[in-house]
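Peer 1: This is the structure I want to talk about, given as structure tokens.
The values are calculated or read from the model by the stated rules, or taken from the named source; none is laboratory data. The model shown is predicted, which means the values in this text are computed figures rather than measured ones. Here Cβ is always computed from backbone atoms with ideal geometry, including for glycine, and neighbour counts include all displayed protein chains. All accessible areas refer to the heavy atoms of the entire protein, side chains included, with ligands and DNA or RNA removed. Shrake-Rupley method; radii C 1.70, N 1.55, O 1.52, S 1.80 Å.
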Amino acid sequence: EAQVTQNPRYLITVTGKKLTVTCSQNMNHEYMSWYRQDPGLGLRQIYYSMNVEVTDKGDVPEGYKVSRKEKRNFPLILESPSPNQTSLYFCASRQYDRVGADTQYFGPGTRLTVL
Amino acid sequence: GNSVTQMEGPVTLSEEAFLTINCTYTATGYPSLFWYVQYPGEGLQLLLKATKADDKGSNKGFEATYRKETTSFHLEKGSVQVSDSAVYFCALSGRQGAQKLVFGQGTRLTINP
């Protein structure tokens, strides 16, 4: 089954304690992204990757890091989480096509609370 | 830059009512347009899409037509069901460069029996 998986689904942590949210896709997609969803703001892109070892900032990258060492995995790293990073996070992947029309597949989400 | 504006929610309707959720966009060039749906506790999933002017996307009784002259992509359904209760997101993707997907703020829809 084609899917994007994220772990953990729920996480409560404290300010400053480094954490990693994993993301994996089994569709051999080139393009992967991380979004955060906040009430009234929709989804905002944090980082994206157009292929292995190619990553770039999205709209709200401050406080986050990513890496893309393998095509299927795209972990999101919070080196020193702060309460304003409390949010619902989604990983997504899609094939990169020449007109931007390919379907984006989303993971189930990770609800993060930073105390 | 590119942007998407959706009608404010929440929207509450009775079963079998007609649904319209408005979406307008600002973009350079000719973006692809999407509607994604998020059911409670789940990630987003594609509902329908259109890739050029006058295209109509359709799925599960929902429809939306790419109107370049009004820069709109309104979502419609003739007769909603309780199972349609969800949050709906309009989005666009540029064709150049990183082809970033830009979302509207989402519209929460509740259908009462």
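Peer 1: What quantity of accessible surface, computed with a 1.4 Å probe and excluding non-protein components, is buried in total between chains B and A, in Å² to the nearest 100? Write down the numbers at each step before the final one.
Peer 2: Details: alone 6060 and 6370 Å², together 10650 Å².
Using a 1.4 Å probe, the pair buries roughly 1800 Å².
Peer 1: What is the dipole size for the range A:3-106, taken about its Cα centre, with +1 at each Lys and Arg Cβ and -1 at each Asp and Glu Cβ, in debye to the nearest 20?
Peer 2: Details: 13 positive and 10 negative charges, 54 e Å.
Using only the charged Cβ atoms, the result is roughly 260 debye.
Peer 1: Right, here's the next one. Give me a single rounded figure for A:40-51: the average over its residues of other chain Cβ atoms within 10 Å of their Cβ. Walk me through the intermediate numbers first.
Peer 2: On the way: counts 4, 3, 12, 11, 2, 5, 0, 0, 4, 1, 3, 0.
Across the residues of A:40-51, the mean count of other-chain Cβ atoms within 10 Å is 4.
Peer 1: While we're on this one: Compute from the Cα atoms of the protein assembly as shown the Rg and the Dmax, the latter being the longest Cα-Cα distance, and quote both in angstrom.
Peer 2: Reported Rg and Dmax, both Å: 17.5, 51.
Peer 1: Carbon and sulfur together cover what percent of the accessible area of chain A at a 1.4 Å probe radius? Each step should come with its number before you reach the end.
Peer 2: Numbers: 2730 of 5510 Å².
The C+S portion of the solvent-accessible surface of chain A is 50 percent.
Peer 1: With chain B treated as a Gaussian network of Cα nodes joined by springs under 10 Å, which of B:LEU92, B:LEU33, B:LEU46 yields the largest mean-square fluctuation?
Peer 2: Among B:LEU92, B:LEU33, B:LEU46, the largest mean-square fluctuation in the Gaussian network model of chain B belongs to B:LEU46.
Peer 1: Let me ask something else about it. Straight-line reach only, C-alpha to C-alpha below 16 angstrom: list the aspartates and glutamates that A:LYS69 could link to, leaving out same-chain residues fewer than 8 apart.
Peer 2: A:GLU30, A:GLU53, A:ASP56
Peer 1: Continuing with the same structure: For the range B:30-113, what is the accessible area per residue in Å² when the probe is 1.4 Å? The partial results should precede the final answer.
Peer 2: On the way: 3460 Å² over 84 residues.
Per residue, the range B:30-113 has an accessible area of 41 Å².
Peer 1: Next up: Can you give the FRET efficiency for B:GLN81 and A:ASN73, using 1/(1 + (r/R0)^6), R0 = 41 Å, r = Cβ-Cβ distance, to the nearest 0.05? Please list the in-between numbers first.
Peer 2: Numbers: r = 38 Å, r/R0 = 0.93.
For R0 = 41 Å, the calculated efficiency reads 0.60.
Peer 1: Same structure, new question: Of the heavy-atom accessible surface of the range B:1-107 (probe 1.4 angstrom), what whole percent is carbon and sulfur? Walk me through the intermediate numbers first.
Peer 2: On the way: 2260 of 4740 Å².
Here carbon and sulfur together make up 48 percent of the probe-accessible area.
Peer 1: Among A:ASN73, A:ASN28, A:ASN51, which one shows the biggest mean-square fluctuation in a GNM of chain A, springs joining Cα atoms closer than 10 Å?
Peer 2: The residue that fluctuates most here is A:ASN28.
Peer 1: Moving to a separate point now. Among A:SER82, A:SER93, A:SER49, which one shows the biggest mean-square fluctuation in a GNM of chain A, springs joining Cα atoms closer than 10 Å?
Peer 2: Looking only at A:SER82, A:SER93, A:SER49, the largest GNM fluctuation is found for A:SER82.
Peer 1: Using only the Cα atoms of chain B, each taken as one equal point scatterer with no solvent, compute I(q) by the Debye sum, divide by I(0), and report log10 of the ratio at q = 0.14, 0.19, 0.22 Å⁻¹.
Peer 2: Each listed q corresponds, in turn, to -0.52, -0.93, -1.21.
Peer 1: If contacts are Cα pairs under 8 angstrom and at least 6 residues apart, what is the relative contact order of the range A:1-105 in percent?
Peer 2: On the way: 227 pairs, mean separation 33.6, N = 105.
Once divided by the residue count of the range A:1-105, the mean separation gives 32 percent.
Peer 1: Can you pull the mean other chain C-beta count within 10 Å for peptide B:27-37? Provide the component values of the computation, followed by the final result.
Peer 2: On the way: counts 0, 0, 1, 2, 3, 5, 1, 4, 0, 4, 0.
What the average comes to for B:27-37 is 2.
Peer 1: Another question, then. Dividing the alpha-carbon Rg of chain A by 2.2 N^0.38 Å yields what?
Peer 2: Relative to the rule-of-thumb radius for its length, chain A sits at 1.01.
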